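The values are calculated or read from the model by the stated rules, or taken from the named source; none is laboratory data. All figures in this text were calculated on a predicted structure; none of them were measured in a lab. FYI the Cβ positions are ideal-geometry reconstructions off the backbone, even for glycines, and counts take in every protein chain you see. Surface accessibility is based on the protein's heavy atoms, side chains included, excluding ligands, DNA and RNA. Shrake-Rupley method; radii C 1.70, N 1.55, O 1.52, S 1.80 Å.
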Amino acid sequence: AMWLVAARGEVYSLDEGETVLGSAPGCGLRFDSGQVASQHARLTVETDGTCFVERLASTPGTWRGTLELRPGRMYEVSDAVELRFGQVTLTARANMPSTPPLLGIRERVPDVVSTADAATQLLDTPL
């Protein structure tokens, strides 16, 4: 299997076989975006786990890293490669833990302060 991870943390699993990515209702991987063609690209996972991407639509473009893909040609996708389909960017992952981490969340967890410490801090603060 191959996984695709979006910038906001969504994880999409690709099983062995072909998956069409696009905006059309019948696509296996569907994105409602004006920047994704109805049948934008085909992703193929071989029995040995090797993954390929093929650009189907001529516009908008499809990229593997910085390489713009030509329609009708298959390109191998390796782990950690960034794929861009129009305005949709996904990162390929060959191995994912059973529970994927929450990606894309940049939230600072506040320090834990006990109520006794908080009371002491308030009492020690000059007025």
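Determine whether the stretch 78-90 contains at least one residue that is among the acidic types (D, E) and part of a strand (DSSP E or B). Working first, answer last.
Taking the stretch 78-90 as the starting set, the residues that turn out to be among the acidic types (D, E) are 79, 82.
Those still in the list that are part of a strand (DSSP E or B) too: 82.
Checked against the condition, which is being among the acidic types (D, E) and part of a strand (DSSP E or B), the stretch 78-90 yields at least one hit.
Going residue by residue through the stretch 32-41, is there one that turns out to be in contact (Cβ under 8 Å) with a residue 40 or more places away in the chain, in contact with a His (Cβ under 7 Å, 6 or more places away or on another chain) and assigned to a strand (DSSP E or B)?
no
Say we look at the stretch 42-68 and pick out the residues that are outside any strand (DSSP E or B) and more than 17 Å from G17 (Cα to Cα); which of these is most open to solvent (accessible area, probe 1.4 Å)?
Applying the filter and picking the extreme gives T66.
Only one of these conditions is not met by P71: (1) of a type outside the set (S, T, Y); (2) closer than 24 Å to N95 by Cβ; (3) surrounded by 13 or more Cβ atoms within 10 Å (Cβ to Cβ). Which number is it?
So the condition that P71 fails would be (2).
Does Y12 meet the test of being aromatic (F, W, Y), touching a strand residue (DSSP E or B) at 6+ places or on another chain (Cβ under 8 Å) and in contact (Cβ under 8 Å) with a residue 60 or more places away in the chain?
Spelling it out, Y12 is indeed aromatic (F, W, Y), touching a strand residue (DSSP E or B) at 6+ places or on another chain (Cβ under 8 Å) and in contact (Cβ under 8 Å) with a residue 60 or more places away in the chain.
Tell me the residue from L102, L56, L127 that is modelled with pLDDT under 50 and not hydroxyl-bearing (S, T, Y), please. First the steps, then the outcome.
Numbers: L56 fails: modelled with pLDDT under 50; L127 fails: modelled with pLDDT under 50.
Result: L102 is the single residue among L102, L56, L127 that is modelled with pLDDT under 50 and not hydroxyl-bearing (S, T, Y).
Restricting to the stretch 17-29, what's the tally of residues that are open to solvent by 70 Å² or more (accessible area, probe 1.4 Å) and modelled with pLDDT of 95 or more? Steps first, please.
Filtering the stretch 17-29 down to residues open to solvent by 70 Å² or more (accessible area, probe 1.4 Å) leaves 18, 25-26.
Subsequent filtering for residues that are modelled with pLDDT of 95 or more retains 18.
Going through the stretch 17-29 one residue at a time, the tally reaches 1.
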